[in-house]
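The values are calculated or read from the model by the stated rules, or taken from the named source; none is laboratory data. All values derive from a computational prediction rather than experimental measurement. Ideal geometry is used to build each Cβ from the backbone, glycine not excepted, and the neighbour counts take in all protein chains shown. Side chains included, ligands, DNA and RNA excluded: accessible areas come from the protein's heavy atoms. Shrake-Rupley method; radii C 1.70, N 1.55, O 1.52, S 1.80 Å.
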Amino acid sequence: METVILGTGNSQEMRIAIDQAVDQLERGSIVGLPTETVYGLAADALNADACATIFEAKERPSFDPLIVHVSGEKMLNNVAEIPDEIADVTYDLIKEFWPGALTFILPKKDIVPDIVTSGLQTVAVRRSKNKIFSEIVNSLESPIAAPSANRFGSISPTSAAAVFTELSGKIPLIIDGGACSEGVESTIIKIEPSQKKKPLIKILRPGPITPEMLKKFGKIDKHQHSSEESSSLTSPGQLDSHYAPNTPLKILNSPEEFDCDPSKKYALLSYRGQKKDGYLELCDWTHVETLSPGSGKLPEAAVRFFFSLRKLDELGVDEIISEPIPERGIGFAIMDRLKRASYQFS
Ligand code: TXA
Ligand code: MG
């Protein structure tokens, strides 16, 4: 299959791209679409056969459920139940963070095919704030199931070119909406009612909506599940090894941990590219990729993270070495991805 990339550089191109994407989705096909977090591989969420094609193209195991993207509260109510005990906090969070990178786990309605939720009685729902994505879900008038548009377990795509690298030949169309503005996947939460005043907000996957931003709405449980714990009880697709490059990746806790083997080629993933942090002169790096040059800004580091990891993976070095990222704000989500990306090499 030939994979076409359509640009959206001017209003005419944008119109054509949106129309073609809607047309493909209506016909039960799958399309690579930009969102503010990462690129998604989209299908009509109410079309079970189309959703099955997502699993095939990504080589994704059937136990890993998809996120359903809605155009607003009306569509949300078509796919999910909002239990009375958590209605107030759920609507408060929607008011604050939608459209945006916050995904809710809620009881599903029968209209959602079982394949979308991997047979679970709950569904993951979010509303994207990307303009192109929003127009497409509005015109389709049906919710869109979209996991990240990468092969299962591999690095998430934050550009149309990265989607092409991952899935060319397997999907007919990619809409190029430029680089993603957030750079890491949405925060996934599950709200549990509590006898106490504040409900419990369990963070199943950290993301752009940080614990600091959520804490005024409830008691936060960061819920870092251990590998022994059954992951089917938490977020089924959150495997210890994920987002992995082909090149071995090691995260350092401090510069002293690194022993440079002069016969090997190394690349460095640096947080802010500053000598005083102690990593730049540890070795004769083949390449240094800096996430946030200068003073170090975590949102900027998040935007560049998957893009940088992909670039380092393409250099053909023996090992990628990463500086640690401060685990505050969105840094918590970046470190979560880094740890999973290095898991199989540790
Ligand atoms: O930002 C994002 O969320 C991106 C964009 C494209 O929207 N999507 C994304 O999808 O990251 P994906 O498939 O790569 O990750 C979705 C994860 C699953 O791996 C699973 O852990 C969790 O969402 N999930 C989906 N349905 C769930 C459910 N019913 N209960 C618990 N976790 C669920
Ligand atoms: Mg993913």
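Tell me the residue from Val137, Val116, Val184, Val125 that is within 14 Å of ligand 1 (Cβ to nearest atom) and assigned to a strand (DSSP E or B), please.
Val125
Here is a yes/no grid of residues against (1) away from ligand 1 (no atom under 12 Å from the Cβ); (2) closer than 26 Å to Arg304 by Cα; (3) among the hydrophobic types (A, V, I, L, M, F, W, C); (4) at pLDDT below 95:
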site	(1), (2), (3), (4)
Leu102	no, yes, yes, no
Lys129	no, yes, no, no
Ile132	yes, yes, yes, no
Pro147	no, yes, no, no
Val163	no, yes, yes, no
Ile188	no, yes, yes, no
Pro208	no, yes, no, no
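Evaluate region 1-18: report whether one residue or more is within 22 Å of Val112 (Cα to Cα), open to solvent by less than 40 Å² (accessible area, probe 1.4 Å), away from ligand 1 (no atom under 14 Å from the Cβ) and at pLDDT 95 or above.
no
Of Ser270, Ser295, Ser254, which residue is open to solvent by 40 Å² or more (accessible area, probe 1.4 Å) and more than 16 Å from ligand 2 (Cβ to nearest atom)?
Ser295
Which of the strands (runs of 3 or more DSSP E) found entirely inside region 1-93 contain at least 2 residues meeting this: of a type in the set (Val, Ile, Thr) and on the phi < 0 side of the Ramachandran plot?
In region 1-93, 4-6, 67-69 are the strands (runs of 3 or more DSSP E) which contain 2 or more residues that are of a type in the set (Val, Ile, Thr) and on the phi < 0 side of the Ramachandran plot.
So which residues in region 188-220 are open to solvent by less than 40 Å² (accessible area, probe 1.4 Å), over 26 Å from Pro65 (Cα atoms) and among the charged types (D, E, K, R), if there are any at all?
If the condition is that a residue be open to solvent by less than 40 Å² (accessible area, probe 1.4 Å), over 26 Å from Pro65 (Cα atoms) and among the charged types (D, E, K, R), then no residue fits.
Quick check on Ile201: is it within 15 Å of ligand 1 (Cβ to nearest atom), within 17 Å of the chain's Cα centre (by Cα) and in a strand (DSSP E or B)?
Against the criterion (within 15 Å of ligand 1 (Cβ to nearest atom), within 17 Å of the chain's Cα centre (by Cα) and in a strand (DSSP E or B)), Ile201 does not qualify.
Among (1) open to solvent by less than 10 Å² (accessible area, probe 1.4 Å); (2) touching a helix residue (DSSP H, G or I) at 6+ places or on another chain (Cβ under 6 Å); (3) within 16 Å of ligand 2 (Cβ to nearest atom), where does Ile54 come up short?
(2)
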